[in-house]
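Below is one structure; the comments refer to it alone.
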Amino acid sequence: MKLIKKSHTEQTAEAPSAGRGADGKGVSLNRRAFLRNAGLTVGGVTLASQMVPGLVRKSEAATTVAVGDDVETKRTICGHCSVGCGIYAKVRDGVWVGQEPAFDHPFNLGAHCAKGAAVRDHGHGERRLKYPMKMVDGKWKRISWDQAIDEIGDKMMEIREASGPDSVYWLGSAKFNNEQAYLFRKMAALWGSNNVDHQARICHSTTVAGVANTWGYGAMTNSYNDMLNSKAILIIGGNPAEAHPVSMMFTLRAKEQGAKLLVIDPRFTRTAAHADQFVRLRPGSDIAVVYGMMWHIFENGWEDKEFLEQRVWGMDQVLEEVARWTPDEVERVSGVDRETCYNAAKLMADNRPGTFVWCMGGTQHTVGNNFTRAYCHFQLALGNMGKAGGGTNIFRGHDNVQGATDFGVLSDNLPGYYGLSEGAWRHWAAVWDLDYDEMAARFGQETYEERGGSGSKPMNTSGIPVSRWIDGVLEDREQIVQPDNLRAMVFWGHAPNSQVRGPEMKKAFEKLDLLVVVDPFPTVSAVMHDRKDNTYLLPATTQFETYGSVTASNRSIQWRDKVIEPLFDSRPDHVIIYKFAKKFGIADDLTKNIQVNGEEPLIEDIVREYNKGMWTIGYSGQSPERLKDHQKNWHTFNTTTLLAEGGPAHDEFYGLPWPCWGTPEFKHPGTANLYDTSLPVAKGGLNFRENFGTERDGDNLLAEGSYPVGAEIQDGHPRFSADLLKQLGWWDDLTDEEKVLAEGKPWHLDRSGGIIRVAIEHGCAPFGNAKARCVAWNFPDPVPIHREPLYTTRYDLVEKYPTYEDRRGFFRLPTRYASVQAKDYSNDYPLIHTSGRLVEYEGGGDETRSNPWLAELQQEMFAEIHPVDANNAGIRDGQDIWLEGPEGGRIRIKAMVTRRVEPGVVFTPFHFGGHFQGKDLRANYPEGSDPFVLGEACNTAFTYGYDSVTAMQETKCSLCRIQPA
Amino acid sequence: MAKMKFLCDAERCIECNGCVTACKNANEVPWGVNRRRVVTLNDGVPGEKSISVACMHCTDAPCAAVCPVDCFYTTADGVVLHDKDLCIGCGYCFYACPFGAPQYPSPQQRVFAVRGKMDKCTFCAGGPEEVGSKAEFDKYGANRLAEGKLPACAEMCATKALLAGDGDMLADIYRKRVMRRAGRPETWGWDKAYGAGV
Amino acid sequence: MKTRFLFAAIPLVALLFLLTGCYESRDVTMHDAGVYKGKTDPLVEMSADPAYQERLQERFLMVQTDR
Ligand code: SF4
Ligand code: SF4
Ligand code: SF4
């Protein structure tokens, strides 16, 4: 070093006062800076356990440069959210040595968020559950797979004998690929129970129900890419900058092209930071705000009159309700003033087409189904549906929650949303080539009307939803519409800390006769209770250790390669499903049409089987061959339209987004934007579905004068069936073989696909052409209305906007509404408690908190508290606090004082687990399988409350109080 | 000859930390060492903006100027690198660096082969060892430039906010974006907080 | 009168004294780095090759442009 003085430069400008706003905003705290400091000790502990010697060994194993002839490239898809980002995985000698951005992938163009950029750590799996484990006298003991399946199977058969098949609960997962999801549902069916469900229940179930009951299908209508066509983007109850980061690439690019971004949320989120307009509302007051905007739209004549006339029924009844939401009432209920609401409405009216995005902030409410329908009505009023750049872009959560929902890992559905009617069961029995009566005999047969049952048999009644499993275990047996309580729970890829009512959940765990966890990680299910025996952990693989298809939020189906062989002693889910089936003696039925290699059912055969049954939503044209073609030709797809330009998939949409009508041979290109009449049905066009009849109260429910380009029926028409074909004189377009299967069938039960083919060849949508329906007469609130949450700070509004009456036999259980709301808790618990996501973690977080690259960035569970509330409670930034919910659940966490939330609202992230009411449970994990970062689950303090249609849990507005710890 | 630079478009950065974990992934950077960080201003209030920072590969690098053992060098592309065999881990470059880029792994962390020595962003260009060798990876991480690739952090950025490459080309892309935005503030509250047109 | 002046002067002097060192030089002092003493990096030579430069440029256009 030579300190030679080199030059004097005259500094001209004043030193920049970076970020110091006029009102002293520059001093605001940074979540990460705060956490990094706060987390030092935790990090230190973690660090020590990580460094010696695990990481050193690991890095030696993988420290080889990921280039060279001996490196293979696999194409896979990120497993952390529904955007479905493509990934190039570099593998040498079976070791995952590198990860390259997939620039040619049509969804992400190589981009990733923190989670996707860190997926290679799955190849290390340092903190994975490594072997089958069994709890013996409160200690974990390693056992073999055979022993595990034998013991669990025997115990289950014993429970089945004593209490019936409904006492075993099959809790599946959005982490399955499509084939595993389908096989899982089929296994539950063959076991003889509808007590099967997965996270979609607590994620977008209210969306699926609400949206499907409005216009036919309950899915995202357009795509992330299509947002490039939007002129306005409205995001309500969603924070894609953290939850779906790569979608922001499209949002921000659209914005650069002139689109306006409107964010409506109780929090000033990272997404809101990029908005043109941000509207802060009180949690749970979405109806007020959305109707408030509609009030201005109709007041000013901004609605799309032609669209409403041709394609919408029942808006007049909605308008009666909208009329009640005057600007004053909107402000009284939601806190949004007249001008703000007007500006928001005008922004959407002036900039069309506009898209409407919502996530969990809109779904997780006791009135979630009302919210989702009101959002739809808003889009219908502006005529934004069925257009590129418009639509309801409902961002799903997990990587395959769309697929797992489509494949009916649900207590109220069979694959393809066929429902649970006898017709539905007969359809699937035929697809499976099984005898219907034999299958029906495996179910319970009693109806329990005295307990609130509807009178239909268990096979035809919805099972207990995952949100209520606790009550299925704890509720008085005489109140449940099935023979006995739940006695065995199988948590197959599910984080219990994502569910509310922690203290009661602990009791439920302890009351179970059998607890089985099937997961790559032990999860909180393994540690939060004081069980001593009859508890098993079975290591499943991640999706990187197997292959198959996964459905992104936009309904595109993507094929994943297997990157590496299963790590440790883990098995892919479909292998474990097969093992159980074998033990129960149903393996031959399960795989009648599916080749089995050793114990592994062939994934491609599973696809071919469901292709033959999933006609309703068009999962029928996506053969494994077509899907693999798309996977190999990522680069040929246009990143705005998703249409392949040349190459083997020419003129097909990427991933054959469902509905991809008819058989694979029919070569339908998939449907990128739903209900878009500007395209012929054969090229991905569509109209609203006829799903609710052709007439209501003398009104015509069919579309009037609106039809897809090229349709031969140039008006609304009912759904197709053999009869309709005959009436139209199109019956003879069917081949002779098709006629055999089609005879007497409606379009969706015709297993030849012939009716669908003929309808589309005549330019018509097989499911009919109807109006969207704004009044869901089969729902508790036919027209969506506002109801106060069960636990509300605005008890003064309860009288005018009360919740529902208590119910019996709702998803087999008594369900409380009014009796909870009867008491005013807001004096003792004065703050609203709401929850949400962090970008580094996903879901219950076991997987991501076990990834050191992610865990390091977010080491502490915390609560965001406004300075006013913090000062009132005597809490300082960074301090340990107790947060307590009105049902008594309490969590000990760090305070993060910030203006991100408004006074009166406390926000907590929901990814933490492994602490329970102040107690660190690290010692309860099997050795070496504890995630790097543990923390209190916010849901421990969350409370009772379930949606009136789907039993979605309420996690977006509860109450709490805070005090220094 | 290219002049390698980073540019983080604050209008696009969403503080998702993709760049941070991409770096960890590509270079196997151990816990506690962060070659790249995302900094947020006005966190949680109107005007919130983030940028991602690492070593800026200064043309006249202050770290190199102060190094007592002269272990820094600059490649023809303008990438500032150093030799860990020579580095004594004194921390003087940490004083000098305006961005806090140099990092010092704790002595237990032997992952980077040499205890306690300075570690920093290499622009994914490895270090003074045989290109693509195990020794290079162990000490410095990946050498993507040699493979004809650009830094992992920029290549994986969620919104293409973070750009890395030749300074002129970066400026070109950035200018086009600014033009498309037509001076409209992209950050909510920016005009309110700082007056329109700022 | 005199004492009053004195009373005023003392704090002033004290203030001046206290403020010594509380200013920022507008002159930036920079120093030349010494001569690199470490091993040679083969990349330095590689990067002089125009083909290498071209490859990076192509990559840049593929990677960092909106498509
Ligand atoms: S988590 Fe979602 S946005 Fe992030 S990389 Fe994975 S798929 Fe992409
Ligand atoms: S250029 Fe490479 S080393 Fe530097 S921050 Fe980016 S990924 Fe890390
Ligand atoms: S990946 Fe891009 S958007 Fe995300 S924090 Fe880094 S620079 Fe910002």
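The values are calculated or read from the model by the stated rules, or taken from the named source; none is laboratory data. Everything numeric in this text was worked out from a predicted model, so none of it was measured. With ideal geometry, Cβ positions are generated from the backbone for all residues, glycine too; neighbour counts draw on all protein chains shown.
Give me the residue from region A:95-107 that is buried (at least 20 other Cβ atoms within 10 Å of the Cβ), more than 9 Å from chain B (Cβ to nearest Cβ) and more than 14 Å from ligand 1 (Cβ to nearest atom) and, out of that set, farthest from the chain's Cα centre (by Cα).
My answer is A:97.
Which of the residues spanning region A:86-114 are in contact (Cβ under 8 Å) with a residue 40 or more places away in the chain and part of a strand (DSSP E or B)? It would help to see each step written out before you state the result.
First, pick out the residues of region A:86-114 that are in contact (Cβ under 8 Å) with a residue 40 or more places away in the chain: A:86, A:89, A:91, A:94-96, A:102, A:104-109, A:111-114.
Those that are in contact (Cβ under 8 Å) with a residue 40 or more places away in the chain and part of a strand (DSSP E or B): A:86, A:89, A:91, A:95, A:96.
Pairs only if they're at least six apart or on different chains, beta carbon under 8 angstrom, first in region A:779-799 and within 17 Å of residue A:951 (Cα to Cα), second assigned to a loop (DSSP other than H, G, I, E, B) and of a type in the set (Phe, Trp, Tyr); list them, first residue then second.
So the pair list comes out as A:780/A:804; A:787/A:801; A:787/A:804; A:788/A:801; A:790/A:817; A:790/A:944; A:791/A:825; A:791/A:829.
Would you confirm whether any residue within region A:658-669 is among the charged types (D, E, K, R) and more than 26 Å from the chain's Cα centre (by Cα)?
yes
Name the helices (runs of 4 or more DSSP H) wholly inside region A:690-765 in which the number of residues that are surrounded by fewer than 18 Cβ atoms within 10 Å (Cβ to Cβ), over 32 Å from the mean Cα position of the chain (by Cα) and modelled with pLDDT of 95 or more is 2 or more.
Details: elements: A:722-728, A:736-742, A:754-761.
Per the criteria, A:722-728, A:736-742.
Considering each of B:15, B:11 in turn, give the residue that is at the interface with another protein chain (Cβ under 7 Å from one of its Cβ atoms) and either within 17 Å of residue B:151 (Cβ to Cβ) or outside any helix (DSSP H, G or I) (or both). Give the steps one after another, and end with the answer.
Numbers: B:11 fails: at the interface with another protein chain (Cβ under 7 Å from one of its Cβ atoms).
Among B:15, B:11, only B:15 is at the interface with another protein chain (Cβ under 7 Å from one of its Cβ atoms) and either within 17 Å of residue B:151 (Cβ to Cβ) or outside any helix (DSSP H, G or I) (or both).
Could you say which residue among A:850, A:835, A:826 is in contact with a Phe, Trp or Tyr (Cβ under 9 Å, 6 or more places away or on another chain), more than 27 Å from residue A:932 (Cβ to Cβ) and either within 16 Å of ligand 2 (Cβ to nearest atom) or among the polar types (S, T, N, Q) (or both)? Show your work before the answer.
Values: A:850 fails: more than 27 Å from residue A:932 (Cβ to Cβ); A:835 fails: more than 27 Å from residue A:932 (Cβ to Cβ).
So the residue among A:850, A:835, A:826 that is in contact with a Phe, Trp or Tyr (Cβ under 9 Å, 6 or more places away or on another chain), more than 27 Å from residue A:932 (Cβ to Cβ) and either within 16 Å of ligand 2 (Cβ to nearest atom) or among the polar types (S, T, N, Q) (or both) is A:826.
Kindly state which helices (runs of 4 or more DSSP H) lie completely within region A:410-517 and contain at least 2 residues that are more than 25 Å from residue A:364 (Cβ to Cβ) and either charged (D, E, K, R) or modelled with pLDDT under 95 (or both).
Working: elements: A:422-432, A:436-440, A:469-474, A:502-511.
Qualifying helices (runs of 4 or more DSSP H): A:422-432, A:436-440, A:502-511.
Considering B:86, B:81, which residue is touching a Pro at 6+ places or on another chain (Cβ under 8 Å), of a type in the set (A, V, I, L, M, F, W, C) and more than 16 Å from ligand 1 (Cβ to nearest atom)? Reasoning before the result, please.
Numbers: B:86 fails: touching a Pro at 6+ places or on another chain (Cβ under 8 Å).
Result of the check over B:86, B:81: B:81.
Which residue out of B:79, B:39, B:53, B:45 is surrounded by fewer than 24 Cβ atoms within 10 Å (Cβ to Cβ), more than 16 Å from ligand 3 (Cβ to nearest atom) and of a type in the set (A, V, I, L, M)? Steps first, please.
On the way: B:79 fails: surrounded by fewer than 24 Cβ atoms within 10 Å (Cβ to Cβ); B:39 fails: more than 16 Å from ligand 3 (Cβ to nearest atom); B:53 fails: more than 16 Å from ligand 3 (Cβ to nearest atom).
Sole residue among the options that is surrounded by fewer than 24 Cβ atoms within 10 Å (Cβ to Cβ), more than 16 Å from ligand 3 (Cβ to nearest atom) and of a type in the set (A, V, I, L, M): B:45.
What strands (runs of 3 or more DSSP E), lying completely within region A:530-645, carry at least 1 residues that are modelled with pLDDT of 95 or more, more than 30 Å from residue A:851 (Cα to Cα) and not polar (S, T, N, Q)? Give the steps one after another, and end with the answer.
Details: elements: A:535-539, A:548-551, A:557-560.
So the answer is none; nothing clears 1.
Suppose we keep only residues that are within 16 Å of ligand 2 (Cβ to nearest atom) and small (Gly, Ala, Ser) within region B:30-71. Which one would you say is farthest from residue A:867 (Cα to Cα)? Show your work before the answer.
Within region B:30-71, the subset within 16 Å of ligand 2 (Cβ to nearest atom) is B:30-39, B:50-58, B:61, B:63.
From what is left, the residues that are small (Gly, Ala, Ser) are B:32, B:50, B:52, B:54, B:61.
Working: B:32: 31, B:50: 23, B:52: 28, B:54: 32, B:61: 42 Å.
This residue is B:61.
Looking only at strands (runs of 3 or more DSSP E) that fall completely inside region B:29-143, which ones have 2 or more residues that are out of contact with any helix residue (DSSP H, G or I) (no Cβ under 7 Å at 6 or more places or on another chain) and small (Gly, Ala, Ser)? If you could, list the steps in order and put the result at the bottom.
Working: elements: B:37-41, B:49-53, B:72-74, B:80-82.
Result: empty, no element qualifies.
Count, please, the residues in region B:75-86 that happen to be more than 8 Å from every other protein chain (Cβ to nearest Cβ) and away from ligand 2 (no atom under 15 Å from the Cβ).
Of the residues in region B:75-86, 0 are more than 8 Å from every other protein chain (Cβ to nearest Cβ) and away from ligand 2 (no atom under 15 Å from the Cβ).
Of the residues A:213, A:222, which single one is part of a loop (DSSP other than H, G, I, E, B) and out of contact with any Pro (no Cβ under 7 Å at 6 or more places or on another chain)? Let's see the steps before the verdict.
Numbers: A:213 fails: part of a loop (DSSP other than H, G, I, E, B).
Going through A:213, A:222 in turn, the sole match is A:222.
Conditions (1) more than 10 Å from chain C (Cβ to nearest Cβ); (2) modelled with pLDDT of 90 or more, marked per residue:
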residue: B:99; (1), (2): yes, yes
residue: B:103; (1), (2): yes, no
residue: B:109; (1), (2): yes, no
residue: B:114; (1), (2): yes, no
residue: B:119; (1), (2): yes, yes
residue: B:125; (1), (2): no, yes
residue: B:130; (1), (2): no, yes
residue: B:133; (1), (2): no, yes
residue: B:136; (1), (2): no, yes
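Pick from region A:843-884 the residues that are within 13 Å of chain B (Cβ to nearest Cβ) and part of a strand (DSSP E or B): which of them is surrounded by the fewest Cβ atoms within 10 Å (Cβ to Cβ)?
A:864
Residues checked against (1) buried (at least 19 other Cβ atoms within 10 Å of the Cβ); (2) within 21 Å of residue A:525 (Cα to Cα):
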position	(1), (2)
A:85	yes, no
A:93	no, no
A:109	yes, no
A:123	yes, no
A:129	yes, yes
A:132	yes, yes
A:137	no, yes
A:153	no, yes
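Can you tell me which residue among A:281, A:183, A:228 is within 14 Å of chain B (Cβ to nearest Cβ) and either over 28 Å from residue A:470 (Cα atoms) or not basic (Lys, Arg) (or both)? Spell out the reasoning first.
Values: A:281 fails: within 14 Å of chain B (Cβ to nearest Cβ); A:183 fails: within 14 Å of chain B (Cβ to nearest Cβ).
From the options A:281, A:183, A:228, the qualifying one is A:228.
Looking at the structure I just gave you, is residue A:571 surrounded by 21 or more Cβ atoms within 10 Å (Cβ to Cβ), charged (D, E, K, R) and farther than 30 Å from residue A:221 by Cα? Show your work before the answer.
Numbers: surrounded by 21 or more Cβ atoms within 10 Å (Cβ to Cβ): yes; charged (D, E, K, R): yes; farther than 30 Å from residue A:221 by Cα: yes.
In short, yes.
Inside region B:18-37, can you point out the residues that are more than 7 Å from every other protein chain (Cβ to nearest Cβ) and touching a Gly at 6+ places or on another chain (Cβ under 9 Å)?
So in region B:18-37, the residues more than 7 Å from every other protein chain (Cβ to nearest Cβ) come out as B:19, B:23, B:26-27, B:29, B:33-37.
Once the filter is applied, which keeps residues that are more than 7 Å from every other protein chain (Cβ to nearest Cβ) and touching a Gly at 6+ places or on another chain (Cβ under 9 Å), region B:18-37 yields B:23, B:26, B:27, B:29, B:35, B:37.
Is there a residue in region A:893-900 that is in a loop (DSSP other than H, G, I, E, B), basic (Lys, Arg) and away from every other protein chain (no Cβ under 14 Å)? Don't jump to the end; show me each part of the working.
Taking region A:893-900 and keeping what is in a loop (DSSP other than H, G, I, E, B), we get A:898-900.
Right, trim to basic (Lys, Arg) and you get A:899-900.
Subsequent filtering for residues that are away from every other protein chain (no Cβ under 14 Å) retains none.
No, because not a single residue in region A:893-900 is in a loop (DSSP other than H, G, I, E, B), basic (Lys, Arg) and away from every other protein chain (no Cβ under 14 Å).
Might you check whether a residue that is touching a residue at least 40 places away in the same chain (Cβ under 8 Å) and either part of a strand (DSSP E or B) or among the basic types (Lys, Arg) (or both) occurs anywhere in region A:921-932? Let's see the steps before the verdict.
Step one: of region A:921-932, the residues touching a residue at least 40 places away in the same chain (Cβ under 8 Å) are A:921, A:924-932.
Now drop any that are not either part of a strand (DSSP E or B) or among the basic types (Lys, Arg) (or both), which leaves none.
No: zero hits.
Looking at A:525, A:549, which one is under 27 Å from residue A:937 (Cα atoms) and polar (S, T, N, Q)? Let's see the steps before the verdict.
On the way: A:549 fails: under 27 Å from residue A:937 (Cα atoms).
Sole residue among the options that is under 27 Å from residue A:937 (Cα atoms) and polar (S, T, N, Q): A:525.
For region B:144-183, how many residues meet the condition of being assigned to a helix (DSSP H, G or I) and either under 18 Å from residue A:120 (Cα atoms) or at pLDDT 95 or above (or both)? Steps first, please.
From region B:144-183, those assigned to a helix (DSSP H, G or I) are B:152-155, B:167-181; that's our starting set.
If we keep only those that are either under 18 Å from residue A:120 (Cα atoms) or at pLDDT 95 or above (or both) too, we end up with B:152-155.
Result for region B:144-183: 4.
Any residue in region A:297-312 that is away from ligand 2 (no atom under 16 Å from the Cβ), part of a helix (DSSP H, G or I), surrounded by fewer than 24 Cβ atoms within 10 Å (Cβ to Cβ) and among the polar types (S, T, N, Q)?
The first filter runs over region A:297-312 and keeps only residues away from ligand 2 (no atom under 16 Å from the Cβ), leaving A:297-312.
Of the ones still in play, those that are also part of a helix (DSSP H, G or I) are A:297-299, A:305-311.
Imposing the further condition that a residue be surrounded by fewer than 24 Cβ atoms within 10 Å (Cβ to Cβ) reduces the set to A:297-299, A:305-310.
Then keep just the ones that are among the polar types (S, T, N, Q); that gives A:310.
Scanning region A:297-312 turns up at least one residue that is away from ligand 2 (no atom under 16 Å from the Cβ), part of a helix (DSSP H, G or I), surrounded by fewer than 24 Cβ atoms within 10 Å (Cβ to Cβ) and among the polar types (S, T, N, Q).
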